[in-house]
Amino acid sequence: MATAHVGHNSVVGDEVKMANGALLAGHVEVGNGVFMSGNAVAHQFSRIGELVMVGGVARVPHDVPPFMSVVYEQIYGINVVGMRRVGFTREERDEIKRCYRILFRSGLIFPAAIAQVVETVQTAPGRRLAEFLQAPSRRGYMHGPRRTRRLEAPIDQEVS
């Protein structure tokens, strides 16, 4: 696509789609089936796992585990559409969803969450996710959605 850029020493997997203005800095690793939307950028030495969906104008300063969706500068869920398109079973999608909840919603510190994911996965995609998480990370991992008082308050309750 126009003005897309892959920096020096980057490794890009198969079936990767990069829209206009998508930029990868040097030494970035991009897994198979990743979709980089328009004007999305990845920081030097970051890793983007298999089947990740990076939204438009998103910034990827850290590693993104496989099968996740990135919105702006956070992991915002799993890439259900991408997993369906490549033929993941319901069981495989459900396991990735459970892993997402452990990693980003359980409140566990990240190393403990990784250990729990490694212990519980049973499907091939789950094992690939666990392998990615166990590999060394130079940049650390992106975080999930931040919870604030405003988001946790009931709709009819005023937030001070």
Dipole moment magnitude, nearest 20 debye, the chain about Cα centre, only Lys, Arg, Asp, Glu C-beta charged:
180
Please report the antiparallel percentage of DSSP beta bridges with both residues in the chain, rounded to the nearest 5.
20
Kindly provide the Kirkwood hydrodynamic radius of the stretch 71-133 in Å, to one decimal, from all pairs of distinct alpha carbon atoms.
12.1
What is the local net charge at Asp94, summed over the other residues whose Cβ is closer than 14 Å to its Cβ (Lys, Arg +1; Asp, Glu -1)?
+3
Dividing the alpha-carbon radius of gyration of the stretch 29-89 by 2.2 N^0.38 Å (N being the number of residues), what value is obtained?
1.01
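Bear in mind that the values in this text are calculations on the coordinates, not laboratory data. Predicted, not measured: the structure shown is a model, and the values here were computed from it. Note that each Cβ is placed from the backbone with ideal geometry, even for glycine, and that neighbours are counted across all protein chains shown.
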